[in-house]
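To keep things clear, I will list the structure first and then write my remarks on it.
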Amino acid sequence: MDLKEKKALIEALLFTWGDPLHIREIEKVLEIPQKDIRKLLDEMIEEFDYNRRGIQIIKVENSYQVGTRPEHYEYIKRLNPPKKSDSLSNAALETLSIIAYKQPVTKLEIEDIRGVKCDKSIQTLLDKELIKEAGRLDKTGKPIIYATTDDFLKAFGFQSLKDLPILEDESNLEYYDFDNNKGEK
């Protein structure tokens, strides 16, 4: 199989799948090593950008997805007007920010930082699949802990949590090393 055919197959897989497709799945289907697939995908991303194609390949962690370019949204919207509001209230954005930087985090910890109840905001974020229940703490009441999802990364244009902007004032947040280990400041 030549280079052009490999790229065409990857594009077909991403287009057909619709959702983010993990590189392991592409490897299983094409029987090509992950490092070669990554190289092909990087080349494809560059080619799509250079040629200003109507679609782009979006990378989220170790998954890839085909999507339209953000600058074409106004035209796409004319064809298919949005049916519901995708905007978030300030309260939901504040809650999402806390979860993004402090995850995994409990509702009580979020409420301590915000100073107000956050039930509605958490439910909105769960409904929009921007956050998920990431388990429960092993302490009294077994509180639910929340974390962001890949949909959060996609919605805000991040490839990973490492792309989050650096906070100027982190006094309310613990340092997080993104390897699921809490660290020290």
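Of the residues Ser89, Ser160, the one with the largest accessible area comes first in the ranking Ser89, Ser160, computed with a 1.4 Å probe on protein heavy atoms. At a probe radius of 1.4 angstrom, the accessible area of the chain per residue rounds to 67 square angstrom.
In a DSSP loop and with at most 15 other Cβ atoms within 10 Å, the trypsin sites (Lys or Arg not before Pro) in segment 127-168 are Lys139.
Can you tell me how segment 26-105 classifies by the Cα gyration tensor, rounded, prolate or oblate, using a/c under 1.5 as the rounded cut? Oblate, since a/c reaches 1.5 and b/c is not below a/b.
Judged by the gyration tensor of its Cα atoms, with axes a ≥ b ≥ c, segment 1-148 is oblate; a/c meets the 1.5 cut and b/c is at least as large as a/b. Using C-alpha pairs under 8 Å with a sequence gap of at least 6, the mean separation divided by the residue count of segment 1-128 gives a relative contact order of 18 percent. What does the C-alpha gyration tensor say about the overall shape of segment 101-145? Classify as rounded when a/c is under 1.5, otherwise prolate if a/b is larger than b/c, or oblate. Judged from the Cα gyration tensor, segment 101-145 comes out oblate (a/c at least 1.5, b/c at or above a/b). For the chain, the longest principal axis of the C-alpha atoms and the axis of helix 90-102 are separated by about 80°. Take the solvent-accessible surface of the protein heavy atoms, probe 1.4 Å, and return the percent of it on the chain that carbon and sulfur atoms account for. In the chain, the share of accessible area belonging to carbon and sulfur is 51 percent. Among the GluC sites (Glu not before Pro) found in segment 1-82, those both in a DSSP coil and sparsely packed, with 14 or fewer other Cβ atoms within 10 Å of their Cβ, are Glu31, Glu61.
For the listed residue pairs Lys117/Lys139; Lys39/Lys102; Lys35/Lys162, the alpha carbons are over 23 angstrom apart in Lys39/Lys102.
The values are calculated or read from the model by the stated rules, or taken from the named source; none is laboratory data. All values derive from a computational prediction rather than experimental measurement. Glycine also receives a Cβ, built like all others from the backbone with ideal geometry; neighbour counts cover every protein chain displayed. Heads up: the accessible areas ignore ligands, DNA and RNA and are worked out on the full protein's heavy atoms, side chains in. Shrake-Rupley method; radii C 1.70, N 1.55, O 1.52, S 1.80 Å.
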